[in-house]
Amino acid sequence: MSDALAVVTVFALCGLAFAGLALTVGRHWGDLVDRRRDPPRRLVARLRVAAALCLAAALSVAVRHEGVGFGLLLWVLALSAAALAVAAGVTALTAGTATTRNAKPR
Amino acid sequence: MSTKKRALISPALRAAMLWPHTWAGVTLGGLLMLIFFMGSLAVFADEIDRWMMPDTRVGAVGAHRPDAPFSLDRNVLPVVERLAAGRGLRDWYAKLPDGRRPVMELRVRTDGGVSGGMATADGRLLPPVGTLGATSFFYPLHYSLHLRAGFVGYWIVSFATVAMLAGLISGIIIHARIFKDFFTFRSWGQLRRSLLDLHNLTGVLVLPFHLMISFTGIVIILPMVLPAGVNALYDGDVQRFYDDALGNYSRPRSGTPAPLAPLDPMLAEAKRLWGGGEAAVVFVINAGDAASIVRLNRDTGDRLSLDVEPIFFDGVTGAVLKHQRPGPVVATHRLLSGLHIAAFDHWPLRWLYFLFGLSGCVLIGTGLLYWLEKRRVVETAVVGLGWRSVGALACGSITGLLIATLAMMAANRLLPATVPSRELVEAGLFFLVWIGSVIHAALRTRRDPPWAAQCWAVAALAGACVGLNWLTTGEHPLRAIALGDWPVLGVDAVLALTAWTAWRVARRLSHRLSGRRDAPAVTMTEATDHV
Amino acid sequence: MGAKTVRRAETGRSPSGGARPSRPAWTTAARVTAAVFGAYGFAWGLAAFGAELGVLIGLAPAEAVTAASLLSLLILPMMALWAFAVPRAAVGWAVLGGGGIVMMTASRLIGIILP
C-alpha cells in the first residue's frame with residue numbers, strides 16, 4: 001500500500017466510524033432519517049459495533065503502515081479530523097432545509 | 001461510561017468550574033491566541049523561511065543531496081573560514097541542509113565577535129538574508145515572546161499554558177452533553193449558540209491534540225519553569241542537569257593550539273554508532289585548541305522522539321569522547337518533546353498539526369466572542385468599559401495579530417536589502433502594527449469591535465503579500481509549480497486563501513452592519529480557521 | 001481528581017457556595033491565589049520530594065528529577081482547578097500550601113540524611 005493510500009484509508013475508516021456514530025445520536029437521526037421516532041435500539045447497537053470495528057481497522061492500518069509511534073499519533077489525530085469532518089457534513093446536510101429549522105426546539 | 005460520568009460530575013462541581021474557566025479564558029485568551037497562532041505558523045517555519053528569504057530558494061528540485069557525497073571538510077569548513085574572516089575561531093556550528101531547508105545555516109564565534117550566514121549545500125555563501133524569518137521570529141515568539149532575560153517569556157507562556165490545560169479540563173467538566181452534542185453545530189439562529197457549538201466542537205473533538213500539545217509544550221522547558229528537582233539534586237544548576245540527562249560533554253579551553261582532525265571520518269563513525277540516519281548539526285567547540293570538541297547531532301526526521309543522540313569527538317584525535325543513551329524516563333521526556341516540536345518528516349501529520357493548532361485559535365476565539373455576546377445580553381443598553389476592553393483585546397488578538405503578521409511579511413518583500421538592521425526593522429514593524437491595530441480596536445469599539453475594517457485590512461495585506469512575492473522574486477504560482485517549489489507555492493496558497501476568506505467575511509460583515517446590528521461574529525471565527 | 005473530593009464538593013456545599021463572583025472579593029482572591037501559587041507550591045514540593053525519593057529507590061538523578069517533574073506537571077492543572085472546587089477556600093490553601101511545605105521539608109530532610 002502506498003503512503004498516500006494508507007493515510008487516506010485511515011481517514012476514510014475513521015470518517016465512516018463517526019458517520020455511523022452520528023446516526024446513533026437522537027438529534028441527527030431525527031434530522032437525517034426519521035423525525036418521528038428514535039433510532040431502533042438494535043440498529044444503534046449494530047452501528048456502535050461497526051464503528052468500533054472501523055476504528056480498530058483504521059488503527060491497524062495506521063500502525064502496520066507507519067509503525068507504532070507514527071501510527072498511533074496519526075490515528076489519534078485522524079480521529080479528530082474525521083469527527084470534525086462528520087460534524088461539518090451533518091451541519092451541511094441538516095442546516096439547509098427550512099423544516100429542520102422550524103422543527104428544532106429553540 | 002456516561003452513567004459513571006453522571007455520578008462523578010455533580011451540578012455543584014460544574015458550577016464551580018465555570019468561574020475559573022471563564023476568567024482564565026477572558027484574561028489569558030489573547031496571550032493564548034498568540035501562542036497557538038505562532039505555534040501553528042512554526043509548524044511550517046522552514047517553508048515560511050523560504051518565502052521570506054528568496055536567496056535560499058535553491059535546489060528546490062530536490063538537489064539538497066547533491067550527487068557528490070556531502071562532505072563536512074570540503075563543503076562546510078571553507079564557509080566557516082570565510083565567515084571567520086581571519087579572526088581567531090572559538091566555536092562554531094552548522095545546521096546541515098535537509099529536505100525542508102536546502103541550505104546550511106552557520107554561526108561562528110570568533111575573538112572579534114559573532115557572525116552567521118547561510119550557504120548552499122556545495123559551500124557557496126549566500127548574501128545576508130536580512131530577516132529573522134519564521135524560525136527566528138515567529139517561532140521564538142511562540143515559546144518565549146522574545147523575552148529572553150531571566151526566561152521571563154518562558155514563565156509567562158508556561159503559566160498561560162497551565163491555564164489552557166486547566167481550561168480544557170474544566171471545559172470538559174462544564175460541558176453537560178458531550179455525547180449528545182458531539183457532532184452538533186447549529187450554524188443558523190442565535191449567534192450565541194453557534195459560537196458555543198463551535199467552541200464545544202473544537203474543544204471536544206480536538207481535545208486529544210489540545211491536551212497533548214499544551215502538556216508537551218511545558219514538558220520541553222520543564223527544568224526551567226519547575227526547577228524543584230534540579231534544585232534538590234543538582235544545586236539548581238540546570239546546565240549540569242542537562243549534561244547529565246542528555247549525555248552532553250564539555251571541557252574548558254586548554255590554551256594550547258592544535259589543528260582540527262578531519263571531520264568526515266567522525267561523521268562516518270557517528271552514522272555507524274547511530275545505526276544509520278543522517279547528521280543534522282555539527283558543533284565545534286574550542287576550535288583550534290588542544291581541548292577542542294566536535295559534537296554531532298542526529299537528524300530526527302525519521303522518528304517521533306527529539307532524541308538527537310549527540311556524539312562527542314575529541315577534535316584533535318577524532319576519538320569518541322562520549323555517546324550516552326538517555327535512561328527510560330529521559331527518553332520519555334524526549335518523546336514528549338518530539339511530539340510537540342514535530343521535527344519529523346511526515347506531511348499528513350504536519351498539516352494536521354497546523355490545522356489543529358488553528359483549531360486551538362478557533363477554540364480560544366469563540367470562547368472570547370461567546371463571553372462578549374453573553375455579556376451583551378446582560379448589559380443591554382450601555383456597553384461598559386470592561387466589555388469594550390475585552391472586545392478590543394479579542395479584536396487585537398484575532399484580526400490584529402493577522403494584520404501584524406501579514407504586515408511583517410509584506411514589509412519583508414518591500415524593504416530594500418540596504419536598510420540597516422533590516423531584520424530588526426521588520427520585527428519592529430510587526431509590533432508597531434500590532435499595537436496600532438489594538439489601539440484602533442480600542443478606539444473603534446462601540447457596539448462591536450471593528451471587525452469589518454480589520455478584515456478588509458487582512459484581505460488587502462494577504463493579497464498584497466502574494467502579489468509582492470511575484471513582483472519582487474518573479475515567482476508566480478505557475479512558475480512555482482513548474483519549478484516544484486512547493487514551500488513557496490504552499491505559503492502563497494495559504495495567503496491567497498486567507499485573502500479570499502477575509503474578503504468574503506469583510507463583505508458579509510459590512511452588509512450586515514448596514515442591515516442588522518449584531519450577529520456577524522460567527523463568520524469571523526470561521527475566518528481564523530484558514531490562516 | 002479523586003471521587004472523594006468530588007463527592008465532598010457535591011454534598012458539602014450549599015447551592016450558593018463555591019467561587020462565584022457574588023461572593024466577597026477576598027474569597028475569590030483566596031481561591032485564585034491558591035490556584036496559582038498554592039498549586040505551584042504543591043507541584044514544587046512534589047517535584048522536589050519525588051526527585052529525592054526516586055534517588056532513594058535507586059533511580060539515576062536525572063531520571064528521578066524528570067519523572068517527578070513530569071508527574072508534578074500532570075497534577076498541577078488539576079490541583080489548580082481543585083482550589084476552585086473545594087467547598088472552603090481555606091481548606092484549599094491548607095492542603096495545597098501545607099502539602100507543598102511538608103513535601104519540601106521532607107525533600108530537604110532526605111537531602112540532608114543522604115550523603
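Taking B:Arg334 as the residue in question, decide whether it is outside the structural domain of B:Ser437 (by TED's automatic domain parsing) and either touching a residue at least 24 places away in the same chain (Cβ under 8 Å) or within 19 Å of B:Leu201 (Cα to Cα) (or both). Taking the combined requirement at face value, the residue satisfies it. If we scan the range C:69-76, do we find a residue that is free of Cβ contacts under 8 Å to residues at least 24 places away in the same chain and surrounded by fewer than 22 Cβ atoms within 10 Å (Cβ to Cβ)? Yes, the range C:69-76 has at least one match.
The conditions of being under 27 Å from B:Thr135 (Cβ atoms), in the same structural domain as B:Ala394 (by TED's automatic domain parsing) and assigned to a helix (DSSP H, G or I) are not met by B:Val419.
Criterion applied to B:Leu358, B:Leu406, B:Leu369 was being in the same structural domain as B:Trp503 (by TED's automatic domain parsing) and over 17 Å from the mean Cα position of the chain (by Cα), and the one residue passing it is B:Leu369. Of all residues assigned to the range B:136-155, none qualifies as being under 21 Å from B:Val80 (Cα atoms) and either outside any helix (DSSP H, G or I) or in contact with a Phe, Trp or Tyr (Cβ under 7 Å, 6 or more places away or on another chain) (or both). The set of residues in the range A:2-13 that are within 14 Å of chain B (Cβ to nearest Cβ) and in contact with a helix residue (DSSP H, G or I) (Cβ under 7 Å, 6 or more places away or on another chain) comprises A:Ala6, A:Val7, A:Thr9, A:Val10, A:Phe11. When B:Arg388, B:Arg375 are screened for being touching a residue at least 40 places away in the same chain (Cβ under 8 Å), more than 30 Å from B:Leu471 (Cβ to Cβ) and either crowded, with 24+ Cβ neighbours inside 10 Å or over 20 Å from the mean Cα position of the chain (by Cα) (or both), only B:Arg388 passes. Hey, can you tell me all the residues within the range B:152-183 that are more than 20 Å from B:Leu368 (Cα to Cα), of a type in the set (Ser, Thr, Tyr) and either within 11 Å of another protein chain (Cβ to nearest Cβ) or more than 30 Å from the chain's Cα centre (by Cα) (or both)? If the condition is that a residue be more than 20 Å from B:Leu368 (Cα to Cα), of a type in the set (Ser, Thr, Tyr) and either within 11 Å of another protein chain (Cβ to nearest Cβ) or more than 30 Å from the chain's Cα centre (by Cα) (or both), then B:Ser158 is the only one that fits. Annotation: B:Leu147 fulfils all but one of (1) within 8 Å of another protein chain (Cβ to nearest Cβ); (2) surrounded by fewer than 20 Cβ atoms within 10 Å (Cβ to Cβ); the unmet one is (1).
A quick yes/no check of all residues on (1) modelled with pLDDT of 95 or more; (2) facing chain B (nearest Cβ under 8 Å):
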residue	(1), (2)
C:Arg23	no, no
C:Trp26	no, no
C:Ala30	no, no
C:Gly41	yes, no
C:Ala47	yes, yes
C:Leu56	no, no
C:Ala62	yes, yes
C:Thr66	yes, yes
C:Ala80	yes, yes
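Selection of the range B:288-321 for residues being touching a residue at least 40 places away in the same chain (Cβ under 8 Å) and either on the phi > 0 side of the Ramachandran plot or in contact with an Asp or Glu (Cβ under 6 Å, 6 or more places away or on another chain) (or both) yields B:Gly288, B:Asp299, B:Gly301, B:Gly318, B:Leu321. Residues that are more than 20 Å from B:Val488 (Cβ to Cβ) and among the polar types (S, T, N, Q) occur at least once in the range B:68-91. Only one entry of B:Val79, B:Val103, B:Val58 meets the criterion of being more than 14 Å from every other protein chain (Cβ to nearest Cβ), more than 23 Å from B:Glu475 (Cα to Cα) and touching a residue at least 24 places away in the same chain (Cβ under 8 Å), and that entry is B:Val79. If you go through the range B:152-174, how many residues are among the aromatic types (Phe, Trp, Tyr) and more than 13 Å from B:Thr27 (Cα to Cα)? Residues that pass the stated criteria total 2. Note on the range A:70-96: residues that are at pLDDT below 95, among the small types (Gly, Ala, Ser) and assigned to a helix (DSSP H, G or I) total 5. The residue list B:Leu402, B:Leu393, B:Leu415, B:Leu424 contains one member that is of a type outside the set (Ser, Thr, Tyr) and surrounded by fewer than 16 Cβ atoms within 10 Å (Cβ to Cβ), which is B:Leu424.
Scan the range B:468-478 and tell me whether some residue there is closer than 25 Å to B:Leu141 by Cα and of a type in the set (A, V, I, L, M, F, W, C). Yes, there is a match, as at least one residue in the range B:468-478 is closer than 25 Å to B:Leu141 by Cα and of a type in the set (A, V, I, L, M, F, W, C). Summed over the range B:193-212, residues that are closer than 12 Å to B:Leu363 by Cα and among the charged types (D, E, K, R) total 1. Given the criteria modelled with pLDDT under 95, at negative phi and buried (at least 19 other Cβ atoms within 10 Å of the Cβ), does A:Leu16 qualify? Criteria not met by A:Leu16. I need the full set of residues from the range A:14-71 which are more than 19 Å from B:Phe182 (Cβ to Cβ), within 11 Å of another protein chain (Cβ to nearest Cβ) and touching a residue at least 40 places away in the same chain (Cβ under 8 Å), in order please. Selection gives A:Ala62, A:Glu66. Could you list, in sequence order, the residues of the range C:94-115 that are over 21 Å from B:Val230 (Cβ atoms) and surrounded by fewer than 19 Cβ atoms within 10 Å (Cβ to Cβ)? Within the range C:94-115, C:Ala94, C:Val95, C:Gly97, C:Gly98 qualify.
The values are calculated or read from the model by the stated rules, or taken from the named source; none is laboratory data. The model shown is predicted, which means the values in this text are computed figures rather than measured ones. All Cβ positions, glycine included, derive from the backbone under ideal geometry; neighbour counts span all protein chains shown.
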